[in-house]
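The structure under discussion appears below in the form of structure tokens.
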Amino acid sequence: AGASWVIIIVPGAGGTIGSRRVKQARPDGNTLLFLHDGILSAKYAQQALYGPEAFAPVAATGSVGMVICVAESDETNSLTELLDNASKTPDSITFAANIGAPSYFMAKKLEHAHGTAQFRYVQSGGGAKRFSDLSGGHVTASAFSISEYLNFREGGIRALAILDKERHASLPATPTAREEGFEIVYKNLQGWWAPLGTSPEILKNRRELLSAAFASETMQTFLEQQCISRDFLGPEEMEAAIQDKVSA
């Protein structure tokens with residue numbers, strides 16, 4: 001009682017270095033994984049041999065809307081134009097992505113939704129690195145969370161579309177991909193997992209702790225500031241949401 005949680009940030013390889021660390025940890029409840037859709041995209045991009053099935057689900061604490069961006073100086077005016085250009089001259093439109101991470105996964109979904117578009121992928125990194133690549137004119141496009149975009153946009157980037165069912169209140173002038181005829185909705189789920197073999201009692205306790213923290217005034221303010229949805233999902237709902245992503 002009264003113990004603090006120690007946050008250990010383990011970057012690298014699209015989140016797989018950190019996830020592997022938790023996968024190999026003792027199932028005693030003392031080590032949890034907090035990771036977004038990278039747990040899926042790394043597997044399907046063959047950056048990891050495992051996905052969420054290698055862990056015991058605890059809960060999901062919201063999801064993050066995503067936007068597709070170009071440099072402010074770029075002449076591309078819409079997502080349709082971007083994808084059409086990537087179709088007319090395949091591999092000429094460069095897309096900054098962390099290969100195996102959600103930014104890469106989103107771009108592949110855009111290609112699929114268009115049908116004939118084909119980007120040339122440039123290995124980048126996290127949001128700050130992709131922003132640097134994009135604003136510096138080294139690539140044509142990239143993907144960011146809404147909160148990242150709101151932080152970066154004054155630095156010379158522009159959102160073409162949001163990958164959600166509806167426009168976001170903070171970006172009322174930015175259309176959805178659906179408005180342009182592309183059936184793609186992508187929100188980055190923020191999930192918590194424990195090593196396989198963790199007892200149901202421990203999983204329940206950790207879920208209750210997360211739920212209490214999630215409901216706190218401090219956390220609710222943070223969620224609003226970071227444009228994270230306020231949906232708390234239990235393990236069954238969380239796994240259903242993941243399966244929807246896999247089958248989409």
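Among the residues making up the stretch 177-197, a single one is open to solvent by 30 Å² or more (accessible area, probe 1.4 Å), modelled with pLDDT under 95 and assigned to a strand (DSSP E or B): K187.
Scanning the stretch 198-238 for residues that are of a type outside the set (A, V, I, L, M), open to solvent by less than 100 Å² (accessible area, probe 1.4 Å) and over 22 Å from V6 (Cβ atoms) turns up P200, Q220, T221, C227, S229, D231, F232, G234, P235. Residues in the stretch 128-143 that are in contact with a helix residue (DSSP H, G or I) (Cβ under 6 Å, 6 or more places away or on another chain) and within 19 Å of A42 (Cα to Cα): S142, A143. Scanning the stretch 131-146 for residues that are within 19 Å of the chain's Cα centre (by Cα) and open to solvent by 20 Å² or more (accessible area, probe 1.4 Å) yields F131, S132. Of the residues A45, A96, only one is under 30 Å from R167 (Cβ atoms) and out of contact with any strand residue (DSSP E or B) (no Cβ under 9 Å at 6 or more places or on another chain); which? Being under 30 Å from R167 (Cβ atoms) and out of contact with any strand residue (DSSP E or B) (no Cβ under 9 Å at 6 or more places or on another chain) holds for just one of A45, A96, which is A45. Among residues of the stretch 89-127 being of a type in the set (A, V, I, L, M, F, W, C) and touching a residue at least 60 places away in the same chain (Cβ under 8 Å), the one that is farthest from Y44 (Cα to Cα) is A113.
Here is the figure for the stretch 24-83: residues that are at pLDDT below 95 and among the basic types (K, R) total 1. Tell me whether the stretch 238-248 contains one or more residues that are of a type outside the set (V, I, T), touching a helix residue (DSSP H, G or I) at 6+ places or on another chain (Cβ under 9 Å) and not in a helix (DSSP H, G or I). Yes. One residue stands out in the stretch 147-161 among those that are under 19 Å from N98 (Cα atoms) and out of contact with any helix residue (DSSP H, G or I) (no Cβ under 6 Å at 6 or more places or on another chain): the one that is surrounded by the most Cβ atoms within 10 Å (Cβ to Cβ), namely Y149. Filtering the stretch 162-176 to residues that are over 14 Å from S78 (Cβ atoms) and loosely packed, with under 15 Cβ neighbours inside 10 Å leaves K165, E166, A169, S170, P172.
Residues checked against (1) closer than 30 Å to G115 by Cα; (2) of a type in the set (F, W, Y); (3) in contact with a Gly (Cβ under 6 Å, 6 or more places away or on another chain):
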position: K187; (1), (2), (3): yes, no, yes
position: G191; (1), (2), (3): no, no, no
position: L203; (1), (2), (3): no, no, no
position: A212; (1), (2), (3): no, no, no
position: T218; (1), (2), (3): no, no, no
position: Q243; (1), (2), (3): yes, no, no
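The values are calculated or read from the model by the stated rules, or taken from the named source; none is laboratory data. Remember, predicted model here, so these are calculated numbers, not experimental data. In this analysis, Cβ positions are derived from the backbone assuming ideal geometry, glycine residues included, and neighbour counts consider all displayed protein chains. Remember, those area values only see protein heavy atoms, side chains included, never the ligands or the DNA or RNA. Shrake-Rupley method; radii C 1.70, N 1.55, O 1.52, S 1.80 Å.
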